[in-house]
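Only the coordinates and a few stated rules stand behind these numbers; no lab work does. In this text, all values refer to a predicted model and were calculated from it rather than measured experimentally. Glycine also receives a Cβ, built like all others from the backbone with ideal geometry; neighbour counts cover every protein chain displayed.
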Amino acid sequence: MPLFVAEHRHPADRCPAGNPQMAPFLLQILSPANAKKAGLTLVGDAVARGQHHLYVIVEGPSEAAVRQYLGAFAQAGSLDVVPASTCEEVVSRGAC
């Protein structure tokens with residue numbers, strides 16, 4: 001399945017982590033079980049400390065499917081989804 005990297009950014013004053021209604025909902029989205037129901041596989045996620053940037057690595061059938069599944073993050077800020085490759089794939093083809 002194709003690999004994608006999603007990046008969500010939001011301003012500090014709109015950080016969903018501090019919102020008692022939104023935070024649990026967003027954690028449900030990042031649940032591997034819920035992603036699987038949507039036909040996606042969550043590979044990993046990370047938040048850059050103090051930067052209000054969330055990165056999600058996900059396998060899915062299309063960029064549109066990933067964008068739709070992570071769409072709730074766009075309500076609190078931006079959401080970018082780009083096709084990606086593993087480092088091993090890049091090295092084997094000899095170019096990024």
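So the values come out like this:
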| item | result |
| --- | --- |
| Among (i) 1.00; (ii) 1.02; (iii) 1.73, the entry that matches Rg/Rh (Cα atoms, Kirkwood Rh) as calculated here | (i) |
| Residue-by-residue Karplus 3J(HN,Hα) for the range 50-59, coefficients 6.51, -1.76, 1.60, Hz, glycine and proline x | x, 9, 6, 10, 10, 10, 10, 9, 9, 9 |
| Total formal charge among the other residues, if their Cβ is under 14 angstrom from that of C15, Lys/Arg +1 and Asp/Glu -1 | +2 |
